[in-house]
Amino acid sequence: MNGTHLVTKVNSIIEKYNGSQERLIQILLDLQKESGQNYLSEDCIKEVSRILDMPISKVFEVATFYSMFNREPKGKYIIEVCKSAPCHVTGSKNVSKMFEEALNIKMGETTSDNIFTLQYSSCFGGCDVSPAVKINEKIYGNLTMEKINEIIDMYRRK
Ligand code: FES
């Protein structure tokens, strides 16, 4: 987002929540979603602080405290491979390898078309289908290479 576009965007989202400081988390979530790169830039955080009339340190604190906020550009879809013990035991390492192969990137990287970021996560409650992955808010399990390719194709078509 460039300067003017950023100010307009921040203004319109804050307006949607009636300029309420209590809605800061929702405001930041919306801004992250609309950033095009799934993250909150420093400029964006500064703008939120200015328009909401809140100390910049407070907005930064919220943007860094919650794991759903990204401070670096990411893909549109974040594929999180659970590496907590139950998923580790059932083969999360193998799942990471399959995703790395299917997307042709390594864990921690983003595809060159900025559609997918591949990263590790701790348990997100998908243990019953472990090894589990979470793509944005949706959980997938019992994965095979074939299923992974289908999932990737489905997200690419979205
Ligand atoms: S241990 Fe992997 S989702 Fe819970």
Checklist entry - Picking from Asn38, Asn18, which residue would you name as being at pLDDT 95 or above and either surrounded by fewer than 13 Cβ atoms within 10 Å (Cβ to Cβ) or outside any helix (DSSP H, G or I) (or both)? => result Asn18
Checklist entry - When the residues of segment 100-132 are filtered to those that are away from the ligand (no atom under 15 Å from the Cβ), surrounded by 14 or more Cβ atoms within 10 Å (Cβ to Cβ) and closer than 13 Å to Glu80 by Cα, which remaining residue is farthest from the chain's Cα centre (by Cα)? => result Glu100
Checklist entry - Which numbered condition trips up Pro86, out of (1) away from the ligand (no atom under 15 Å from the Cβ); (2) outside the structural domain of Tyr17 (by TED's automatic domain parsing)? => result (1)
Item to check | Residue count, segment 102-139 (criterion: touching a Gly at 6+ places or on another chain (Cβ under 8 Å) and over 23 Å from Ser35 (Cα atoms)) | outcome: 8
Checklist outcome for this item: Of (1) at pLDDT 95 or above; (2) charged (D, E, K, R); (3) under 20 Å from Lys134 (Cα atoms), Glu72 fails just (1)
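The values are calculated or read from the model by the stated rules, or taken from the named source; none is laboratory data. Quick caveat, the model's predicted, so the values are computed rather than measured. All Cβ positions, glycine included, derive from the backbone under ideal geometry; neighbour counts span all protein chains shown.
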